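Here the structure is laid out as structure tokens; the discussion comes afterwards.
What follows draws every value from the coordinates through simple rules; no lab data is involved. None of the values given here were measured: they were computed from a predicted structure. Positions of Cβ are generated from backbone atoms using ideal geometry, with glycine treated the same way; all protein chains shown enter the neighbour counts.
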Amino acid sequence: METILVIDDEEDLCRTLEKVLTKEGYRVIWITSPGPALSLLQKESPSCVLLDLKIGETDGLTVLKEIQEHDLHLPVIILTAYETVKTAVYAMKQGAFHYMAKPFDNEELKIFLLKAIEHRKLQFQLHNLKENLAGASELENTMGSSSKIREIIKLVWSVAETNINVLLLGESGTGKELVAQMIHNLSDRKGGSFVRVDCAAIPETLIENELFGHEKGAFTGATNLQKGKFEIADGGTLFLDEVGNIPANVQSKLLGILESHTFERIGGRQPIKTSVRVIAATNSDLMKNSEKDLFRLDLLYRLNEFPIHLPPLRERKEDIPLLCTRFIRQLQPEVKKEVKEIATEVLERLMEYHFPGNVRELRNIIKRAMVMSSNGCISLSELPTEIKNREKRTFTKEISVPISYGLPLIEVSRQATVQIEKQLILDALARTHNHQGKAAKILGIGQKTLYNKIKEYGI
């Protein structure tokens, strides 16, 4: 439960805020004089402070300064009946999170409270990012610490000590090779080779030779014996990336080696025994491919003994700070720059971006930003345009609107407008995980306007 500290000399207002915010699930502590403020900050650790600009004879900006000396990142929302543009600008420059004139709208206050608390959480994540540059556990420091990644780590630990085949499923860039390497490193085969084959990058006419090798004289140009990847990986792990690209004629031979653990080189007659653990990966739907006769169903069952689905980065954004830590540490020798921190607004933009290229795209973004940074800190200017200009992002949506015939044109237009607005609001909320502030920016309207429309349309 988040704690809100209210500092205001109007006792009635304090009690009203306590009542309103308690209903929203907050724990509210209020005082009518600034004297006990610092001790309460230490004792209660509030997530946000609502501070009157004038508390009796005390200037609220003086209290703001004292709060910041105690906790620089604690968001403070200034409340006042003496609204002037000059005072508002000055309060924001002094570090106030926001400024609200009395009497204020309770719903608007709730929105800004949510934003302030989210901002504080980001500050904590940023702090953790800096600390994590030193380490954390290897697995979590490599992949993240979200609930989805923790579940994957459990699966990795469970399957690593066995010899069964693993099929890694997920979009491109989600870290399938990283997981495959982790399974190998944690297994009894870690002393053997980890051999990767990118099945999508090898021409269909060459992939059989790549996997199984050939005998001398097997075909024109085969002047020497060549071992295939299955032979090279004997005693270790063979990682078949994009296994769905293996042609049909090679699929049957792959199935044979998975069943008998023996194979023959191209042009050979002598069976070769091999002990290889196969980990396959794909970003396509192999079951649908099998229905189209593009992939053998029996081979799919062989490979799919232990499936692990890797979620896209947009479904585990809480891992972004930790991933940034890993990339900064990894890339420093390559970019030949020491980067110690990331600006808060950079982290905010990254948390809002949808990452179609997943973890690989995030790595490239961090690498580019590190190259461009000049003061040991990644700032907003170093981000790609499509990320730093988040408010300019647009999206296209085809909406079907039912038309009621027999009504006046103006009424038909009104109904159509309602349907379109409602659908666009629902889409914007879905894209921002119901964050009204972010949804309002996508729609190009104020938060209060969005709130009123949500209420009007019963969303």
For the chain, taking Cα atoms only, what is the radius of gyration to one decimal and the Dmax to the nearest whole Å?
29.5, 98
Just grab the label-to-label distance for F219 and V89, each label 7 Å out from Cα along the Cβ direction, in nm (one decimal).
7.5 nm
Please work out the FRET efficiency for the pair M287 and R196, using the Cβ-Cβ distance as r and a Förster radius of 22 Å; give the result to the nearest 0.05.
0.35
Once you place label points 7 Å from the Cα toward the Cβ at Y457 and L206, how far apart are they in nm?
5.3 nm
Helix 409-431 against the longest principal axis of the chain: what's the angle in degrees, Cα atoms only, rounded to the nearest 10?
70 degrees
Add +1 for every Lys or Arg and -1 for every Asp or Glu among the other residues with Cβ under 9 Å from the Cβ of K448, and state the total.
-3
Per the rule of 0.36 nm per residue minus the C-alpha distance, extending N249 to T385 adds in nm 44.4 nm
Set the Förster distance to 51 Å, then compute FRET efficiency between L297 and H433 from the Cβ-Cβ distance, nearest 0.05.
0.85
Would you mind computing, in nm to one decimal, how far apart the modelled labels at S260 and S39 are, each placed 7 Å from Cα along Cα→Cβ?
8.4 nm
Volume in Å³ per residue [convex hull over Cα atoms, computed for the stretch 410-459]
68 Å³
Can you tell me the length gained on complete extension of the stretch I31 to M372, counting 0.36 nm per residue apart and subtracting the Cα distance?
118.0 nm
Using the Cα atoms of the stretch 3-117 to build a convex hull, what is its mean projected area in square nanometres?
6.3 nm²
What does the charge count around T3 come to, taking other residues whose C-beta lies under 11 Å from its C-beta (Lys +1, Arg +1, Asp -1, Glu -1)?
0
Please find the FRET efficiency linking A101 to K148, where r is the Cβ-Cβ separation and R0 is fixed at 45 Å, and quote it to the nearest 0.05.
0.55
What ranking do 108-115, 283-290 get when scored by the average of other Cβ atoms within 10 Å per residue, highest first?
108-115, 283-290
Using alpha-carbon coordinates, inclination of helix 176-186 to the longest axis of the chain, degrees
70 degrees
In the chain the DSSP beta bridges are antiparallel at a rate, in percent to nearest 5, of 15 percent
Working from Cα positions, state the angle (0 to 90°, nearest 10) between the long axis of helix 320-335 and the longest principal axis of the chain.
60 degrees
